[in-house]
Amino acid sequence: MRGTNPKLALSVTPVQNKTFYIRTYGCQMNESDSERIAGTLIDGGYSMVASADEADLVVLNTCSIREGAENKVYSDIGRLRLLQREAGATRTVAVAGCVAQQEGPALMARDRSVGLVFGSRAISRLPELIGRVEAGERVTAIDIHTRPDAPDSQVRGDPHRAWVTVMEGCDNHCAFCVVPATRGPEVSRHPDGVVAEVRELAERGYVEVTLLGQNVTSYGKNHGTDFADLLRRLHAIDGIRRIRYTTSHPKDFSDRLMDTLADCPKVARHLHLPLQSGSDRVLARMGRGYTYAAYRAKIERVRSLLPGLAITTDLIVGFPGETEADFSATLDAVREIGYFNLYGFKYSRRPGTLALTLDGHLDDDTRDQRLATLLAMQKATTLRHYQALVGSLVNVLVEGVSKRNTARLSGRLENGALAHFEGDPGWVGSFRQVRVTQASASALIGVAV
Ligand code: SAH
Ligand code: SF4
Ligand code: F3S
């Protein structure tokens, strides 16, 4: 849940004269929401086009996790305004996602070109909201306290791999994080609905699902169930061959869930378990609810149950008050655990968060240097993990033709690593055995056997 590059995931043939374009920022939750926004708009008579210039309605599905992500949205709104002025076009700009949910009506005041601001829990109401905008109103529809929409129309961007949102929101209050404010309190979907959706996906030929939620490990509380039970039910569905899930919280990563993972081989042997810091003092100030020793004990137990498990993490450097000793504790933890890969972030101030009120905010240079040190150290470890695969046979789900070299196919191993190899484009969507021949710190090269 971290990229902030704008992506256009979907494309359909125009069927009517009103057109839309969606730009998606941020995490997989937003990618999944964009598929639902597209589906709802198409049901409402709109058709999708390939660029903002051609669209009557431009939806920016935004991310607010770090300052940079939010600023990108404002600069894109500014660029759209210029485009509009030059072309004299009458285009509606709609802002969705986490910046919409954070700023609400303030976004309207900030920029006259924004006609609609809506939250992820209002997607199914889009046709009505757009009708009001077309009638000249400027509309805000944000309510993070309503229940999430039922998964209605969704235009899936991939015919073999599907995202399935199992819960919305977050009840934790990590001191640095804006998500509980932007996504609202935690609400899980009913397990029967999730199972029915995945069963239907399997019938349509999907082989991989990724279960999404801000904290899937606390799934199910409002339905008297848990994530382990959900996994068992999904594991029993014929046709689904790989199940991924993200993100897990260490304090909710239970023995029961670990035992379930061990019993369910279709669940990919990849665990993303954000540590955030290796220093207990910083973890306490962050309000994460665990110590490094408790985290480490969970890693040991899950590794003993699932040998070969690839473990990845998220870490924040330069949290307010982080000393050199605290930062060293993070490096020690990373060294000790030997992560398969990690996402490192420098602490970013977010509106309304507790961390803003803490003392000891660090300067940019210190945060930059710590991040560079962390990333350089991990790069070497990831390269070692990848090199250890050279010579072995790996099972790859073929995702598509390689972007850089169209003679090659690309796909992912169970552990999430990307592999490139020559083959028939007809293999896309199937699993292939690949002999790994070369490794870099970002991908594997191999030969299909
Ligand atoms: N629900 C997920 C987090 C989603 S945000 C979880 O708990 O794991 C993804 C990552 O962004 C977080 O794990 C954290 O490492 C990072 N992040 C969140 N807020 C941040 C901030 N204010 N500054 C820097 N990184 C942040
Ligand atoms: Fe943010 Fe913490 Fe919730 Fe993750 S668990 S979304 S980091 S508050
Ligand atoms: Fe960004 Fe919101 Fe996802 S802040 S990371 S789009 S939950």
List the relative contact order of segment 393-448 as a percent without decimals, with contacts defined as Cα pairs under 8 Å and 6+ residues apart. 36
Among Thr24, Leu82, Ala38, the residue whose Cα sits farthest towards the positive end of the charge dipole of segment 19-141, when +1 is placed on the Cβ of each Lys and Arg and -1 on the Cβ of each Asp and Glu, is Leu82
Nearest 20 debye, what's the magnitude of the dipole of the chain about its Cα centre given +1 on Lys and Arg Cβ and -1 on Asp and Glu Cβ? 640
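Just order 266-275, 366-375, 210-219 by mean Cβ neighbour count inside 10 Å, highest at the front, would you?
Details: 266-275: 20.8, 366-375: 16.8, 210-219: 22.6.
In descending order of packing, they fall as 210-219, 266-275, 366-375.
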Glu134-Arg233 pseudo-label distance in nm [points 7 Å out on the Cα-to-Cβ vector]: 3.8
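Give the shape of segment 19-141 as rounded, prolate or oblate, defined through the alpha-carbon gyration tensor: a ≥ b ≥ c are the square roots of its eigenvalues, a/c under 1.5 means rounded, and otherwise the shape is prolate if a/b is larger than b/c and oblate if not.
It is rounded, given that a/c, with a ≥ b ≥ c, falls under 1.5.
Relative contact order (percent) for segment 349-443, with alpha-carbon contacts under 8 angstrom and 6 or more residues of separation?
It rounds to 29 percent for segment 349-443.
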Return a whole-number percent for the relative contact order of the chain, with Cα pairs under 8 Å and 6 or more residues apart as the contact set. 10
Rough spin-label spacing in nm, given labels placed 7 Å along Cα→Cβ, for Arg81 and Ala388: 5.2
Could you give me the ³J(HN,Hα) list for segment 429-434, computed from phi with Karplus coefficients 6.51, -1.76, 1.60 and θ = phi - 60°, whole Hz, x at Gly and Pro? x, 10, 8, 10, 7, 10
Label model pair Val195, Ser328: point-to-point distance (7 angstrom along the Cα→beta-carbon line) in nm is 5.3
DSSP beta bridge pairing in the chain, given as percent antiparallel to the nearest 5: 35
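Could you count how many Lys pairs in the chain have their Cα atoms under 20 Å apart, skipping same-chain pairs fewer than 8 positions apart? Display every interim value, and only then the final one.
Working: Lys7/Lys72; Lys7/Lys403; Lys72/Lys346; Lys221/Lys251; Lys251/Lys298; Lys346/Lys379.
Lysine pairs, 8 or more places apart or on different chains, close enough: 6.
Computed from the coordinates by the stated procedures, all read-outs in this text should not be read as laboratory data. Values in this document were obtained by computation on a predicted structure and should not be read as measured data. Because the Cβ atoms are built from the backbone with ideal geometry, glycine has one as well, and the counts that use them run over all protein chains shown.
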